[in-house]
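Below: the structure, in structure tokens.
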Amino acid sequence: MDFFPFDGGFHHGPPPFFTFFFVLILVLIAGTFLYVITKSLSAWSANNAAERLTVPGRVVAKRTQVSGGSGDSSAFTRYYATFEFEDGGRTELPLTGPQYGLLVEGDFGELTYQGTRFIDFVRMRKEGLHDPQRL
């Protein structure tokens, strides 16, 4: 019984199903690559077009997201902080490791951000917090 409908060898080209799956995989890889690039450029463009805002806010939560790290691969950590504004609105922004390390939940200050891009957070001291009479 002959499982391949051609007369032996690959001198007539690969079987049609090999060609179909090869092209399908290439299209999927190229499509995924183009999607990621388009999504990244879109977010970058939207952040650049957004107004840079400096508003009073409080750090209400911090979190990390760790990916990888199994077997011989290294782990990659993403850092996020959630800020609450005086009107009760909240936004979560991605941070770098050093920025994340300088924030403490409950900190109050001036948050500067542009779209989904964290720019700066300047902590403001509350009156009486470091009063020697309170110690």
Subject >> Any hit, the range 25-42, residues being within 15 Å of the chain's Cα centre (by Cα), modelled with pLDDT of 90 or more, among the basic types (Lys, Arg) and loosely packed, with under 11 Cβ neighbours inside 10 Å >> reply: yes
Original post:
Can Glu86 be described as charged (D, E, K, R), modelled with pLDDT of 95 or more and either touching an Asp or Glu at 6+ places or on another chain (Cβ under 9 Å) or within 30 Å of Ala49 (Cα to Cα) (or both)?
Top reply: no
**OP:** Pull up the range 61-73, narrow it to residues that are in contact with a strand residue (DSSP E or B) (Cβ under 6 Å, 6 or more places away or on another chain) and of a type in the set (Gly, Ala, Ser), then point me to the one that is nearest to Asp107 (Cα to Cα).
**Re:** Ala61
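The values are calculated or read from the model by the stated rules, or taken from the named source; none is laboratory data. Keep in mind that this is a model prediction, so the values were computed, not measured. Neighbour counts run over all protein chains shown; Cβ positions are idealised from the backbone, glycine included.
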